[in-house]
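Each reported figure results from applying straightforward, stated rules to the coordinates on display, with no laboratory input. Note that this is a predicted model, so its numbers are computed, not measured. Here Cβ is always computed from backbone atoms with ideal geometry, including for glycine, and neighbour counts include all displayed protein chains.
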Amino acid sequence: RIDNLETYQVHNNVNQPRQKQNAKPIKQTEEQFLRDHGYVIDMRGKPFVRVPGLVALAHRKGVQKIETEIIMNDLEKKICVVKATVTGSTGTYTGIGDACPENCNKMVGLHYMRMAETRAIGRALRLFCNVGMCTIEEIND
């Protein structure tokens, strides 16, 4: 007996199941969603997630707002620390991100303030979305 299938349709001599209209969708894990949409990068034998993927996942999980605040910006030492706060259906989560030209790659080194914000948002979204992977934006490579 097939519980969640109504009938089989034959297309090009291949049997393909057709799901019942009232069947519940299968819940996709957070990591599988990120992998299926190209947001996970395997590097040095470890998976890393991209911040845009966390943003996409957060929208699926009911994010309501993302706010950032500069905690420290030392223009002389060229270091910036940003706090991000993510609020949504499961609560409020914060993350801290720091950046300086030395811990960013050459392409974004001059824009270290924005990288600090991206890192903070990524850390807060990881908590909100329950994703244990580090973001690729947090490493210097």
Query raised in the report: From the Cα gyration tensor of segment 23-131, with a ≥ b ≥ c the square roots of its eigenvalues, which class applies: rounded if a/c is under 1.5, or else prolate if a/b is larger than b/c, or else oblate?
Result: oblate
Report summary line: Taking placed amide H atoms and a strict 5 Å upper bound, the residues 5 or more places from Ile79 or on another chain that come that close are Asp74
Query raised in the report: Roughly how big is segment 36-141's charge dipole about its Cα centre, with Cβ charges of +1 (Lys, Arg) and -1 (Asp, Glu), in debye to the nearest 20?
Result: 240
Query raised in the report: Among 70-77, 99-106, how do they line up from the highest to the lowest mean number of other beta-carbon atoms within 10 Å?
Result: 99-106, 70-77
Report summary line: For Gly88, other-chain or 5+-apart residues with amide H closer than 5 Å (H placed, Pro excluded) are Gln64
